[in-house]
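Worksheet: the structure to be examined is printed underneath.
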Number of protein chains: 2
Amino acid sequence: MDIPNFDDVLAARERITPYIHRTPVLTSSYLNQLTGAELFFKCENLQKVGAFKARGACNAVFGLDDSIAANGVATHSSGNHAGALSYAAARRGISATVVMPHNAPAAKKAAVRSYGGQIVECEPTQASRETTLERVVSETGADAVHPYDDARVIAGQATCVLELHEDVAGLEAVVAPIGGGGLISGTCLTLSQLAPETRIYAAEPINADDAWQSLQKGEIVEKDGQHSIADGLKTNLKPRTWHFVRHYVSDILLASEDEILDAMYLTWERMKIIIEPSSAVALAVILKHRELFRDQRIGVVITGGNVDIKNCPGCDRGRPA
Amino acid sequence: MDIPNFDDVLAARERITPYIHRTPVLTSSYLNQLTGAELFFKCENLQKVGAFKARGACNAVFGLDDSIAANGVATHSSGNHAGALSYAAARRGISATVVMPHNAPAAKKAAVRSYGGQIVECEPTQASRETTLERVVSETGADAVHPYDDARVIAGQATCVLELHEDVAGLEAVVAPIGGGGLISGTCLTLSQLAPETRIYAAEPINADDAWQSLQKGEIVEKDGQHSIADGLKTNLKPRTWHFVRHYVSDILLASEDEILDAMYLTWERMKIIIEPSSAVALAVILKHRELFRDQRIGVVITGGNVDIKNCPGCDRGRPA
């Protein structure tokens, strides 16, 4: 199993810089007062394709030899990785095929198509995603870029907290959402090298707590058919991400669906940024476990902002005719 | 009439830096494609109090002698200046009294109170605002800080485009909303000094087109009772802002209520930032007059992000019980 190292992160940064934004780090006096901590929000909702996934996808796509790239790339994804891989492939001028659950949010399907990606639909289960992708790869010869169980992707995601570390000195902890674990693994990779004293917390929905259960049990727990409004966090850990989670993550903290929605709208209202439910899990667990973070400098990764604005999660809302 | 000069802008910048954010400049490939221009959005929705008004208010408040400051400050405002003056006064530890139309948005009233400001309600007319403020000032001895017809306020607002000019080279035009004209006047003040070749466009709702009418007629046209979803832009020009508008503004461009709302939601969805309707007028006029901006580098000032998220403008929307 190829585990990326810090040299891979530095190479990723150099490789992807032309294709991504260096996203801003925002602060909110209001949220600092509310939580009793000093929060630094790394805003990957303002990233290309509206999510940190642009980093890993660009690192994978732009690292391919020309002969391999010619067959295109393929993946399965619950959403943002799909848009990200389509974006990266389009920037390189190669094709991208995305296996996607038929019930994925319309905004994420539209994003894939808008970047020129081809969608192949599957059932919303881990098994269906994987077997469908295998078929696509065997038919096209495309290079499969797993959304997180891929050393190139993890090294790419690691550049996010690398920037945060450069922009904010002395972080005592970083909190980031966990789904399959790609972002958390990249966070571990960067911080274990540059700031091993910084604690790393993963934030997960109670309704999709497979990573939390894995940490309790000491081995990967697979759960299928998890339902959460944080639709990006329903996937399970894989060997590469489990490696980082079990070695470097201080704890996994859980939040309910209501807590996630409340944190999301609080962020919209007070920080004036659109974040998707999956992103809000980080603030939700900080609000729930204030004692862990009080009087400390805390990095918070806002992972993405892809929401159907006209049909926003957890609310009934429509534009007037 | 005291007209601020560029030295006042530099002094303002030094004075207010501890109390405001240097806001990021964001770009959107999607909006660049859509408009055919290269747009640089100066995001004052991410400013303290959620609006550029923090700049002018801080400059006025922190420029006061201690003996005058002791009596507090007062103003009338349709919204964001009210929150901004309350914020600035609280940071200095003095009182702020705000005369506000009784129909001002709940979020803006709540903001004033959350910063410790006192609200005195008036009718939603220019005359009622002004006479009520005169009464407050005579009763309290407070220093009146007009939301825009004030040299200190204009010099403060001028720091916004000063930062934009520093961050983005070679802007061919800047587009900013116009209400009473404080931001546009500051923009004129900065650019006439640093980049006189940069064209300045003001963006105004058709439903509150008093500045446009003023420019046509060659003198200030006052209109009372204007109604627009862009509630920050209903005020009329005053002598100091008219001075800058007539000397330095290339044109005033108009947008309808629907165009403003469409531009607002487009920004929410594609840029992942919450902007208020008054901010969206700038993008709305760029979309409407693409020929003026095609293939050019255009600065766009996003003026604020104070929206009632749970009762957002132009849509019916509620959280589930």
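Any read-out appearing in this document is the output of simple, stated calculations on the displayed coordinates, not a laboratory observation. Keep in mind it's a predicted model, so treat the numbers as computed, not measured. Neighbour counts run over all protein chains shown; Cβ positions are idealised from the backbone, glycine included.
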*Evaluate the distance, in nm, between pseudo-label points positioned 7 Å from the Cα of B:Lys288 and of A:Asp224 along their respective Cα→Cβ axes.*
5.5 nm
*Order the peptides A:12-24, A:297-309, A:36-48 from the highest to the lowest mean number of other Cβ atoms within 10 Å of their residues.*
A:297-309, A:36-48, A:12-24
*Let me have the 222 nm mean residue ellipticity of chain A computed from DSSP H runs of 4+ only, each contributing -39500 (n - 2.57), with the sum over all residues rounded to the nearest 500.*
-14000 deg cm²/dmol
_Give the average over all directions of the projected area of the C-alpha convex hull of the range B:54-144, one decimal, in nm²._
5.0 nm²
_Within 10 Å of each Cβ in B:43-49, how many Cβ atoms from other chains are there, averaged over the peptide?_
3
*Comparing B:Asp224, B:Asp258, B:Asp65, which has the greatest mean-square fluctuation in the GNM of chain B with Cα pairs linked when under 10 Å apart?*
B:Asp65
*What is the mean number of Cβ atoms from other protein chains located within 10 Å of the Cβ atom of each residue in peptide A:255-266, rounded to a whole number?*
1
*Under a 5 Å amide H to amide H cut-off, with H placed in plane at 1.01 Å, what residues pair with B:His76 once short-range neighbours are removed?*
B:Val99
*Return the ratio Rg/(2.2 N^0.38 Å) for the range A:159-278, where Rg is computed over Cα atoms only.*
1.06
*For peptide A:28-37, how many partner chain Cβ atoms fall within 10 Å of a residue's Cβ, on average?*
1
*Going by how many other beta carbons lie within 10 Å of each one, how would you line up B:Ser279, B:Ser95, fewest first?*
B:Ser95, B:Ser279
*Ranked packing of A:191-197, A:202-208, A:242-248, most packed first, by mean Cβ within 10 Å*: A:202-208, A:242-248, A:191-197
*Against the globular-protein guess of 2.2 N^0.38 Å, express the Cα radius of gyration of the protein assembly as shown as a ratio, rounded to two decimals.*
0.99
_More than 28 Å apart - percent of Cα-Cα pairs taken over chain A_ = 33 percent
*When B:Thr190, B:Thr35 are ordered from fewest to most other Cβ atoms inside 10 Å of their Cβ, what list results?*
B:Thr35, B:Thr190
*Counting DSSP beta bridges in chain A, what percent are antiparallel, to the nearest 5?*
10 percent
*Give me the distance in nm between label points sitting 7 Å out from Cα along the Cα-to-Cβ direction at B:Ser138 and A:Lys217, one decimal.*
7.8 nm
*asked:* If I stretch the segment between B:Ser114 and B:Thr27 completely, what's the gain in nm (0.36 nm per residue apart, minus their alpha carbon distance), one decimal?
replied: 28.1 nm
*Calculate the spin-label point distance for A:Asp65 paired with A:Leu34, positioning each point 7 Å from the Cα along the beta-carbon direction, and give it in nanometres.*
5.2 nm
*asked:* If you wrap a convex hull around the alpha carbons of the range B:68-198, what volume per residue comes out, as a whole number of Å³?
replied: 115 Å³
*Write down the Kirkwood hydrodynamic radius of the range B:9-108, to one decimal in angstroms, obtained as one divided by the mean of 1/r over all alpha carbon pairs.*
15.0 Å
*Regarding the range A:188-247, what are the three Cα extents along the principal axes, ordered largest first, in Å?*
37, 23, 17
*Assuming R0 = 35 Å, can you tell me the calculated FRET efficiency for the pair A:Glu121 and A:Arg246, based on Cβ-Cβ distance, to the nearest 0.05?*
0.55
